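Contents: one structure, followed by commentary.
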Amino acid sequence: MGQGYKTSQGQDAAGVGFPRQVSIDISEHFFRLTTESVRLRSNETHSYQTLATLVNARAASAAAMDHDSEVLRSHLDKIPTEGGIRIKLRVTASSAENLSEAQHILARQLGQGMSAGDMLSLLLFDYIVEQKAKAVVAKLREQGLDLPPAKTAGKIASDSQQTSPSVPMA
């Protein structure tokens, strides 16, 4: 896992805790993950967002990420953390605490060390997965497929049996 970051809060570069201010040298794939995440968040909120505002908004739920360990490992393998693109990020104190807690939980879950960059990558992965799932659910609703099959069938059957539009069937 990546260790290529520097902090201004006295944190070490080995990933012990999540710093409030961090400068990370990330890969191009990770950079694309950040820009896609910010784009999705801006569209969701109908307001221009930054990586910091997105991270601050998601930090409180970071420890509750519910993904299979193999999925998270695969993400970190496919989206390398370290690279030649420098980003700088400042988060609130509470966000740093929440991210640090999540970092320790996920490191234990994965059985490996985790840098601040790795934690950010997983946080953004979780956000994109959530947004894509919401988009799928919205499309299903547009097609009327959000009801359980029994209720949909019952509704259709009762609609066809109704003799008078003003008198509902029991």
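The values are calculated or read from the model by the stated rules, or taken from the named source; none is laboratory data. Model, not experiment: these values are computed from the prediction. Reconstructed Cβ throughout: ideal geometry from the backbone, glycine too, with neighbour counts over all protein chains shown. Please note that ligands, DNA and RNA were not included when accessible areas were found on the heavy atoms of the full protein model with its side chains. Shrake-Rupley method; radii C 1.70, N 1.55, O 1.52, S 1.80 Å.
Does segment 137-145 include one or more residues that are touching a residue at least 24 places away in the same chain (Cβ under 8 Å), under 19 Å from residue 42 (Cβ atoms) and either assigned to a loop (DSSP other than H, G, I, E, B) or out of contact with any strand residue (DSSP E or B) (no Cβ under 8 Å at 6 or more places or on another chain) (or both)? Before you say what the answer is, go through the steps one by one.
Initially, segment 137-145 is screened for residues touching a residue at least 24 places away in the same chain (Cβ under 8 Å), giving none.
Scanning segment 137-145, I find no residue that is touching a residue at least 24 places away in the same chain (Cβ under 8 Å), under 19 Å from residue 42 (Cβ atoms) and either assigned to a loop (DSSP other than H, G, I, E, B) or out of contact with any strand residue (DSSP E or B) (no Cβ under 8 Å at 6 or more places or on another chain) (or both), so the answer is no.
Taking residue 91 and the conditions (1) β-branched (Val, Ile, Thr); (2) closer than 23 Å to residue 44 by Cβ; (3) open to solvent by 20 Å² or more (accessible area, probe 1.4 Å), which numbered condition does it fall short on, given that it satisfies the others?
So the condition that residue 91 fails would be (3).
Out of curiosity, is residue 18 under 22 Å from residue 57 (Cα atoms), touching a Pro at 6+ places or on another chain (Cβ under 8 Å), open to solvent by less than 50 Å² (accessible area, probe 1.4 Å) and at pLDDT 85 or above? Talk me through it step by step, then tell me what you get.
On the way: under 22 Å from residue 57 (Cα atoms): yes; touching a Pro at 6+ places or on another chain (Cβ under 8 Å): no; open to solvent by less than 50 Å² (accessible area, probe 1.4 Å): yes; at pLDDT 85 or above: yes.
Criteria not met by residue 18.
Could you please find all residues in segment 38-83 being surrounded by 14 or more Cβ atoms within 10 Å (Cβ to Cβ), within 22 Å of residue 100 (Cβ to Cβ), touching a residue at least 40 places away in the same chain (Cβ under 8 Å) and small (Gly, Ala, Ser)?
Selection gives 59, 62, 63.
If I ask for residues that are under 8 Å from the mean Cα position of the chain (by Cα), open to solvent by 20 Å² or more (accessible area, probe 1.4 Å) and under 12 Å from residue 72 (Cα atoms), which ones from segment 106-128 would you list?
The answer is 125, 126.
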